[in-house]
Amino acid sequence: MSLFPNVKFLLSVAAPSQLPPDSGVDIAMAGRSNAGKSSAINAILSHGGLARTSKTPGRTQMLNYFELLPGRRMVDLPGYGHAKVPGEIRVKWGPLIDSLRTRACFKGLMVVVDIRRGLLPEDEALLDWSGLPPEGLHVLLSKSDKLSRGQGLQVLRDVKAQLAGKASVSLLSSLKKTGLDEARAVLKRWCAAG
C-alpha cells in the first residue's frame, strides 16, 4: 500500500505569481541533471509515470507540484549542472526557485545525488541555500545499485562525514527498490510537521 495513494499532479509553475497559496507543506526535490530525480520521485511515491524521466538533461523546466495529501505538496525542481536548457528559461529559474525558499510552507528539501559522483559543491550549496535546519534536509544517494554494497556503504559514510550533521543521508535505488522506506519515512515526518 502506497504511503500517498492519492498522489496527483497539481500544476506547473513558470513564475512566482503562479505559486499555490503559502499554506500547508511544500517539500522540494532537487538534484543535478540526470542524477535520477524523476525516477526517485516515481519510486518513492509508488507511481510510475508521475514525474517524466528522460536521458536528456534539463527535461524539467518549471516547478512541478504534486499533491501528496491535502495541503501537502512535493515540488520537482529543474535539474542543475549541465542541463541543456535555453538561456532565457534558465535566467527565469533563479527568481522562481528563490521564491520557494521564502515561503512559510517550505519545510523540506531532498537532494538527489548520483552515488557515483558523490556530494559535489553545488549540492552542498543547495543545502545551504535552503535556509532549512538539518531536520528539514535529506540527501538521497541514488543509483546505489551501480556500486557494490560495500562501495555504497563507504560512499554513505563519506557523505555523512562530509555533511557533519547538516542533513540526513540514505542510499536509494529506484531500480532495485532499496532505500524507499527510509525516504518515505522522511517525507511522512515532513508532511506531519506542517
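Calculated from the alpha-carbon coordinates, the chain shows an Rg and a Dmax of 15.4, 47 Å respectively.
In order along the stretch 126-139, the phi-based Karplus estimate (6.51 cos²θ - 1.76 cosθ + 1.60, θ = phi - 60°) of 3J(HN,Hα) comes to 5, 4, 5, 4, 4, x, 7, x, x, 6, x, 10, 9, 10 Hz; Gly and Pro are listed as x.
Grouping the Cα pair distances of the stretch 148-194 into 5 Å bins from zero gives a pair-distance distribution of 5, 19, 21, 25, 19, 9, 2, 0 percent in increasing distance order. Largest mean-square fluctuation among G136, G31, G150, in a Gaussian network model of the chain whose springs join Cα atoms under 10 Å apart, belongs to G150. When the trypsin sites (Lys or Arg not before Pro) in the stretch 140-194 are filtered for DSSP coil states and for at most 16 other beta-carbon atoms within 10 Å of their beta-carbon, the remaining sites are K166, K176, K177. For F106, the residues whose amide H sits under 5 Å from its own are D26, ignoring neighbours fewer than 5 places away on the same chain, with H placed 1.01 Å from N.
Scaling against 2.2 N^0.38 Å puts the C-alpha radius of gyration of the stretch 97-194 at 1.07.
Lysine pairs in the chain whose alpha-carbon atoms fall under 19 angstrom of each other, counting only those eight or more residues apart or on distinct chains, come to 23.
Each reported figure results from applying straightforward, stated rules to the coordinates on display, with no laboratory input. Bear in mind the structure is a predicted one, so any value in this text is a computation, not a measurement. Positions of Cβ are generated from backbone atoms using ideal geometry, with glycine treated the same way; all protein chains shown enter the neighbour counts.
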